[in-house]
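A quick write-up on the structure given underneath.
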Amino acid sequence: MALDTTDTLGMGDVVSNESLANLLKEERRFAPPADLAANANVTAEAYEQAKADRLGFWAEQARRLTWATEPTETLDWSNPPFAKWFADGKLNVAYNCVDRHVEAGNGDRVAIHFEGEPGDSRAITYAELKDEVSRAANALTELGVQQGDRVAVYLPMIPEAVISMLACARIGAAHSVVFGGFSADAIAKRVADADAKVVITSDGGYRRGKPAALKPAVDDAVSREGSSVEHVLVVRRTGQDVAWTEGRDVWWHELTERQSAEHTPEAFDAENPLFILYTSGTTGKPKGILHTSGGYLTQAAYTHHAVFDLKPETDVYWCTADIGWVTGHSYITYGPLANGATQVMYEGTPDTPHQGRFWEIVQKYGVTILYTAPTAIRTFMKWGDDIPAKFDLSSLRVLGSVGEPINPEAWMWYRKNIGADTCPIVDTWWQTETGAMMISPLPGVTETKPGSAQRALPGISATVVDDEAREVPDGGGGYLVLTEPWPSMLRTIWGDDQRFLDTYWSRFEGKYFAGDGAKKDDDGDIWLLGRVDDVMLVSGHNISTTEVESALVSHPSVAEAAVVGAADETTGQAIVAFVILRGTANADDEGLVADLRNHVGTTLGPIAKPKRILPVAELPKTRSGKIMRRLLRDVAENRELGDVTTLTDSSVMDLIQTKLPAAP
Ligand code: 6R9
């Protein structure tokens, strides 16, 4: 989450006492399809049940898992905010994700339909997955990995990524997955912070039609002085040449092939660390978010069952996230596999070899549930309606969104062009820190509203507060907070309890501060307004970047927009918008820029009119698709660029800077 600067806690200067202006009015409503509602996994009753007995509700959800020792305690909150969930229970996470489905007679069910970018494919059943995870667990044990150790994973989107994570879980070691696009520096920092013993990587992976090397970055990272890494385990994916350090480097296939496919899963404490995942703050070193086993898996499994209405016998689920993002952890590896789902895993980019690749995959596997990000949806909008129209998407029944607020127009496009105007859209708000979904519609229950995540899930308590920590009334705006502990909450920042307290628990006494701006509409539904650090203060009014961006995207000439507040002598901050135009619109058309300003003025009010609108070809994004507004702020304020290491493609910034006219 590269936008996260909450640990600086400097936003008090930015968000003043004035609440976020409630600008956007969205009146469209969509009822759940009747057949889905009639057969839904979860009904409205779940909210009532959880409200009456929140801990009882979660204790019941924990029974979705198979425990070696059933927990008798639900929550230990005796030392807040350090939570323990199901603390006297014991389980093996990998057993829950794999073995138990085989034991239940579902060994022949496909767990993963892998689709490689070059077109190779591979179906892995639960029985096969059990063998592979067992061999990998034996292999890690042979390399000296033990319960409590850390293993770094730096892999492309191939089944071995999931197998590696589960193999770690199986032997009680914590994994730390590092995005396959990060630099040697980023790997070295994360490996050092977690003190990882082993790194699992590959020769390379396929991206945009070409093999892209991965191992050189690992070689560089682990050859630094004082590295904790004893072994590098290398998966052969592309067959490209690799440098080899004898004694340290080991081929995955050589090591795993000679292991037994039998491995007895040991039961570990519910609070045994499962993984560390780093979120990159803009300043300081990345935060290692620590998740543990029983509570995390309970909420990942429950939310995947409830929010996607998963029917494991018939659904084909596809989450397009990368495994290096928390979404890949909770909704590719843990949630779906704990639920015995059949899922698609795709290695590459959406436009390789053509812009219909996603829809071709949906058609090929008969995908019924699709989970993707607003950034992808806006890209598909830009490419045009005719592309998905060429494919049979009639298998789809539930559509999900995650990562950023989804603009109402992107939501409408998704529903109409991908969801045949019938599929419910679940806009799921959550964070690396929350571990699993927190705020989302339920597909068989909620009347949805384009652009709103709406309501905390059963068993979750979220609200919006003002500067003084008072809950805002319906119609008000402020900060999103979580008011009760939840099973998949982060337990701490790895090795830095104080930073955990400072970042999340010091802003509002006794409440978790998420760092997002939010408002409540007149029905009490929650609308996310972007990171608090991104909120603009224009002539004394707090204006959300999200709302101005959504207004711009609702203009037929705009495909994508990123809005920032730049220092301004008269108004404090002035709104600067970077826009990507749709196919036929002309970037040099002065009339269009005036038209866009007026469009924002009529949609949101004159206060929200951007002072400058700059058409650009690309926007800077993180690997999880979030727009990095702070870099655009640097550009808009003619400053030198800050840290660009978490960008997907740093050349984007050169492009934007060269295209910029001098500031007026
Ligand atoms: C899962 C994930 C977390 C931040 C979060 C918020 C933004 C995610 C959202 C959303 C509005 C949604 N975010 N989902 N904003 N609506 N449905 O993205 O985790 O990478 O840690 O980012 O992403 O700003 O605080 P992570």
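Within segment 611-642, being in a loop (DSSP other than H, G, I, E, B) and among the polar types (S, T, N, Q) holds for SER624, ASN638.
Residues of segment 479-499 being open to solvent by 10 Å² or more (accessible area, probe 1.4 Å) and in a strand (DSSP E or B), which ones? Of everything in segment 479-499, just one residue is open to solvent by 10 Å² or more (accessible area, probe 1.4 Å) and in a strand (DSSP E or B), namely THR492. If only residues of segment 516-551 that are within 15 Å of the ligand (Cβ to nearest atom) and among the acidic types (Asp, Glu) are counted, the one that is farthest from ARG470 (Cα to Cα) is GLU549.
Please find, among GLY335, GLY356, the residue that is over 18 Å from the mean Cα position of the chain (by Cα) and open to solvent by less than 10 Å² (accessible area, probe 1.4 Å).
Unique residue meeting the criteria: GLY356.
For segment 314-331, the count of residues that are more than 16 Å from the ligand (Cβ to nearest atom) and surrounded by fewer than 19 Cβ atoms within 10 Å (Cβ to Cβ) is nonzero.
Going residue by residue through segment 339-346, is there one that turns out to be in a helix (DSSP H, G or I) and open to solvent by less than 20 Å² (accessible area, probe 1.4 Å)? I'd like the intermediate steps shown before the answer.
At the first step, the residues of segment 339-346 found to be in a helix (DSSP H, G or I) are none.
Checked segment 339-346: no residue is in a helix (DSSP H, G or I) and open to solvent by less than 20 Å² (accessible area, probe 1.4 Å).
Could you identify the single residue in ASN79, ASN96 that is open to solvent by 50 Å² or more (accessible area, probe 1.4 Å) and at pLDDT 95 or above?
ASN79 is the lone residue from the list that is open to solvent by 50 Å² or more (accessible area, probe 1.4 Å) and at pLDDT 95 or above.
Scanning segment 601-612 for residues that are in contact with a strand residue (DSSP E or B) (Cβ under 8 Å, 6 or more places away or on another chain) and over 21 Å from PRO405 (Cα atoms), we see that the one that is least open to solvent (accessible area, probe 1.4 Å) is ARG612. The condition of being within 23 Å of MET438 (Cα to Cα) and within 16 Å of the ligand (Cβ to nearest atom) does not hold for ASP309.
What number of residues in segment 355-384 are at negative phi, outside any helix (DSSP H, G or I) and more than 16 Å from the ligand (Cβ to nearest atom)? Talk me through it step by step, then tell me what you get.
Start the filter on segment 355-384 by keeping residues that are at negative phi, which leaves 355-365, 367-383.
If we keep only those that are outside any helix (DSSP H, G or I) too, we end up with 355-356, 367-373.
With more than 16 Å from the ligand (Cβ to nearest atom) added as a condition, the list becomes 355-356, 367-369.
Of the residues in that region, 5 qualify.
When each of GLU468, GLU433 is tested for being of a type in the set (Asp, Glu) and touching a residue at least 12 places away in the same chain (Cβ under 8 Å), the lone residue that passes is GLU433.
Kindly evaluate THR646 against the criterion of being polar (S, T, N, Q) and closer than 22 Å to GLY530 by Cα. Even if it seems obvious, please write down each step before you answer.
Numbers: polar (S, T, N, Q): yes; closer than 22 Å to GLY530 by Cα: yes.
It is true that THR646 is polar (S, T, N, Q) and closer than 22 Å to GLY530 by Cα.
Take the conditions (1) assigned to a helix (DSSP H, G or I); (2) at pLDDT 95 or above; ALA111 misses just one of them, which is (1). Considering segment 123-153, the residues that are over 24 Å from PHE179 (Cα atoms) and in contact with an Asp or Glu (Cβ under 7 Å, 6 or more places away or on another chain) include one that is least open to solvent (accessible area, probe 1.4 Å), namely SER134.
Of everything in segment 413-433, what is near the ligand (Cβ under 8 Å from one of its atoms) and either under 20 Å from ALA50 (Cα atoms) or among the aliphatic types (A, V, I, L, M) (or both)? Give them in sequence order.
Initial filter on segment 413-433 (near the ligand (Cβ under 8 Å from one of its atoms)): 427-433.
Within segment 413-433, THR428, TRP429, TRP430 meet the criteria.
Can you find, within segment 505-515, the residue that is farthest from the ligand (Cβ to nearest atom) among those that are open to solvent by 30 Å² or more (accessible area, probe 1.4 Å) and of a type outside the set (Gly, Ala, Ser)? Of everything passing the filter in segment 505-515, GLU509 is farthest from the ligand (Cβ to nearest atom).
Just one of the listed residues (LEU274, LEU297) is in a strand (DSSP E or B), among the hydrophobic types (A, V, I, L, M, F, W, C), crowded, with 24+ Cβ neighbours inside 10 Å and more than 16 Å from the ligand (Cβ to nearest atom), and it is LEU274.
Within segment 566-600, restricting attention to residues that are over 26 Å from ILE387 (Cα atoms) and in contact with a Gly (Cβ under 8 Å, 6 or more places away or on another chain), which residue is surrounded by the most Cβ atoms within 10 Å (Cβ to Cβ)? Result: ILE575. Among the numbered conditions (1) closer than 17 Å to ALA566 by Cα; (2) away from the ligand (no atom under 16 Å from the Cβ); (3) surrounded by 14 or more Cβ atoms within 10 Å (Cβ to Cβ), the only one that ASN638 does not meet is (3). Selection of segment 120-143 for residues being without any contact (Cβ under 8 Å) to a residue 60 or more places away in the chain and either among the acidic types (Asp, Glu) or in a loop (DSSP other than H, G, I, E, B) (or both) yields ASP120, GLU128.
With open to solvent by less than 10 Å² (accessible area, probe 1.4 Å) and aromatic (Phe, Trp, Tyr) as the only criterion, which of TYR414, TYR365 stands out?
Numbers: TYR365 fails: open to solvent by less than 10 Å² (accessible area, probe 1.4 Å).
Selected residue: TYR414, the only one of TYR414, TYR365 that is open to solvent by less than 10 Å² (accessible area, probe 1.4 Å) and aromatic (Phe, Trp, Tyr).
Considering only residues in segment 245-274 that are free of Cβ contacts under 8 Å to residues at least 12 places away in the same chain and not small (Gly, Ala, Ser), the one that is nearest to ARG100 (Cα to Cα) turns out to be THR264. Within segment 386-412, track down each residue that is within 9 Å of the ligand (Cβ to nearest atom) and of a type in the set (D, E, K, R). Answer for segment 386-412, where residues must be within 9 Å of the ligand (Cβ to nearest atom) and of a type in the set (D, E, K, R): just GLU404.
The values are calculated or read from the model by the stated rules, or taken from the named source; none is laboratory data. On a predicted model such as this, the values are computed, not experimentally measured, just so you know. A quick note on method: Cβ atoms are made from the backbone with ideal geometry, for glycine too, and the neighbour counts reach across all protein chains shown. The area values use the complete protein model at the heavy-atom level, side chains included, leaving out ligands, DNA and RNA. Shrake-Rupley method; radii C 1.70, N 1.55, O 1.52, S 1.80 Å.
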